[in-house]
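Beneath this line is the structure, given in structure tokens, with notes to follow.
The values are calculated or read from the model by the stated rules, or taken from the named source; none is laboratory data. The model shown is predicted, which means the values in this text are computed figures rather than measured ones. When we count neighbours, we look across all protein chains shown, and the Cβ atoms used for this are built from the backbone with ideal geometry, even at glycine.
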């Protein structure tokens, strides 16, 4: 398994643990009354599980499993995939911190822009590795 895939999958599992932990914290007030401000953790919980875990796991597996049409171990422009990894993680962090701290909408918006840039960078990396059956 390529090193970048291991990083993607490791980060996705860390987001899974963090997202499930936040979910458990959100369920505690169902039985034990706690501070109502705990519900500020709902957006990071969703962010960690949807983009942090699911998207990152998918990107790691795609990087590993998409076919290589060149000879050798090359997987295309790996720099774009590394940029996607960094941009996605910084974006998830900015969106989560922005929602928890109640920062004005520019911080979560910047995080979303970085997440979109990560998707574009990864698509630019992966697109040359996708071929139709007709060709």
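Details
- Residues in the range 86-104 that are out of contact with any helix residue (DSSP H, G or I) (no Cβ under 6 Å at 6 or more places or on another chain) and in a helix (DSSP H, G or I) were compared, and the one that is surrounded by the fewest Cβ atoms within 10 Å (Cβ to Cβ) is 101.
- Within the range 29-57, residues that are outside any helix (DSSP H, G or I) have Cβ atoms under 8 Å from residues that are surrounded by fewer than 18 Cβ atoms within 10 Å (Cβ to Cβ) in these pairs: 34/28, counting only partners at least 6 apart in sequence or on another chain.
- For residue 55, the stated conditions do not hold, so it cannot be described as over 20 Å from residue 120 (Cα atoms) and either under 13 Å from the mean Cα position of the chain (by Cα) or surrounded by fewer than 15 Cβ atoms within 10 Å (Cβ to Cβ) (or both).
- Filter result for residue 107 (modelled with pLDDT under 95, in a helix (DSSP H, G or I) and closer than 23 Å to residue 38 by Cα): yes
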